[in-house]
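**Q** Can you read through this structure? Questions will come right after.
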Amino acid sequence: MVADFLLAAAGFVLATVAVGLVRILWGPGDDDRIMAAQLLGTGGIAVLLLLGQVVSLPAAVDVALILALLAAFVSVAFFRGTTRSETDRA
């Protein structure tokens, strides 16, 4: 019963990730694209955690934590890159 609910939740999260993928491909600006990429990362982490719980795979939690750490670095790198380019333009 609980496993079915977790699988359904993982399917819903994957559907939102698919919508985010469309936003990455056809987003109007870089800011929209990086936010959609963050959605992809967060959704991937959520799916890994849910599926890891369903199939009792503790390694999935470790992989999800590594992905969360990498997603934080991507956000910082994007922010630093955009602030540098804005100062170069001024």
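**Q** Keeping the other protein chains in place, figure out the carbon and sulfur percent of the accessible area of the chain, with a 1.4 Å probe. Don't jump to the answer; show the numbers that get you there.
**A** On the way: 4680 of 6390 Å².
Using a 1.4 Å probe with all protein chains present, the chain comes out at 73 percent carbon and sulfur.
**Q** With every protein chain left in place, what is the accessible area per residue of segment 2-82 in square angstrom, probe 1.4 Å?
**A** On the way: 5330 Å² over 81 residues.
It amounts to 66 Å² per residue over segment 2-82.
**Q** Got a sec? Which residues in segment 34-60 would a label at PHE12 touch, if it sits 7 Å along Cα→Cβ and we count backbone N under 20 Å?
**A** Residues 39-55 fall inside that zone.
**Q** Once you place label points 7 Å from the Cα toward the Cβ at PHE5 and ASP31, how far apart are they in nm?
**A** According to this spin-label approximation, the distance is 3.9 nm.
**Q** Over all pairs of distinct alpha carbons, what does the Kirkwood formula give as the hydrodynamic radius of the chain, in Å? Could the numbers behind the result be given before it?
**A** On the way: mean 1/r = 0.0691 Å⁻¹.
When all Cα pairs of the chain are included, the Kirkwood radius is 14.5 Å.
**Q** Then there's this: So if each residue of separation counts as 0.36 nm, and I subtract the Cα-Cα distance between LEU21 and ALA59, what length gain in nm does that give? Each step should come with its number before you reach the end.
**A** On the way: separation 38, 0.36 × 38 = 13.68 nm, distance 2.58 nm.
Full extension from LEU21 to ALA59 adds 11.1 nm.
The values are calculated or read from the model by the stated rules, or taken from the named source; none is laboratory data. Quantities reported herein were computed from a predicted structural model and do not represent experimental measurements. Don't worry about glycine lacking a Cβ; one is built from the backbone with ideal geometry, like all the others, and counts go over all protein chains shown. For accessibility, only protein heavy atoms count, side chains too; no ligands or nucleic acids. Shrake-Rupley method; radii C 1.70, N 1.55, O 1.52, S 1.80 Å.
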